[in-house]
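Before any comments, here is the structure.
Laboratory data are not the source of any read-out in this text; all were calculated from the coordinates shown. Owing to the predicted nature of the structure, the values given are computational and were not obtained by experimental measurement. Backbone-built Cβ (ideal geometry, glycine too); neighbour counts: all protein chains shown.
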Amino acid sequence: MSKAVVIDDDPMFRRLAQMVLKKKNVEIHEADNATDGIALIRREKPDVVFLDVAMPGIGGLEALGMIRQDAEIADTKVFFLTGAEEEGVKQQAEELGAAGFIAKPFTADMLYAALGSE
C-alpha cells in the first residue's frame with residue numbers, strides 16, 4: 001500500500017485529495033500547516049507528499065527547503081498543489097527538487113499520475 005501526506009491549509013482540498021487517493025488504497029495523512037506536515041513526513045515516511053504552495057506561516061517553497069535540508073527525509077518525493085502558475089515559483093520549486101506541479105483544481109487522474117511516477 002502506498003502512503004501519502006497532504007499538506008494544505010484548505011480543508012476542502014485535503015478532503016478531496018483524501019477521497020480520491022483512498023480509491024487507490026493509498027494510506028493518507030494530512031496536515032493543515034507546514035510544521036505539522038514536516039513532522040508527519042518524518043513519522044510516516046510517505047511515498048509521496050502533496051504540498052500547497054501558498055499557506056499562512058511557512059509556505060510550500062520554504063517547507064520544501066526544510067525537507068531537503070533534513071537528511072532523514074531529504075529524498076521524499078514532493079509534488080506542489082497550486083492554483084498559481086507563476087513561473088518564478090515553478091523555477092524555485094524545480095531548483096529545490098520538487099517532483100512536479102499539480103494545478104488546482106486537480107483531477108483524480110492528476111493525483112494518480114503522481115502516484116504512478118514512483
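Would you calculate the separation in nanometres between label points at residue 70 and residue 1, each defined as 7 Å from the Cα along the Cα-to-beta-carbon direction?
The answer from the label model is 2.3 nm.
Given the rule -39500 (n - 2.57) for each run of at least 4 DSSP H residues, summed and divided by the residues of the chain, what is its mean residue ellipticity at 222 nm, to the nearest 500 deg cm²/dmol?
Working: 5 runs with 51 residues, N = 118.
That comes out to -13000 deg cm²/dmol.
What's the lysine pair count for the chain at a Cα cut-off below 16 Å, pairs eight or more apart or interchain? Walk me through the numbers on the way to the answer.
Working: 3/22; 3/23; 3/24; 3/45; 3/77; 45/77; 77/90; 90/104.
Pairs that pass both the separation and distance tests number 8.
Can you tell me the FRET efficiency between residue 58 and residue 25 if r is taken as the Cβ-Cβ distance and R0 is 30 Å, rounded to the nearest 0.05?
Numbers: r = 31 Å, r/R0 = 1.02.
Given R0 = 30 Å and the Cβ-Cβ separation, E is 0.45.
List the pair-distance distribution P(r) of the chain, using every Cα-Cα distance, as the percent of pairs falling in each 10 Å bin from 0 up to the bin containing the longest distance, rounded to whole percents.
15, 54, 30, 1
I need the calculated FRET efficiency for the pair residue 108 and residue 43, taking r as the beta carbon distance and R₀ as 25 Å, to the nearest 0.05. Intermediate values should be presented prior to the final figure.
On the way: r = 27 Å, r/R0 = 1.07.
E(calc), rounded to 0.05, equals 0.40.
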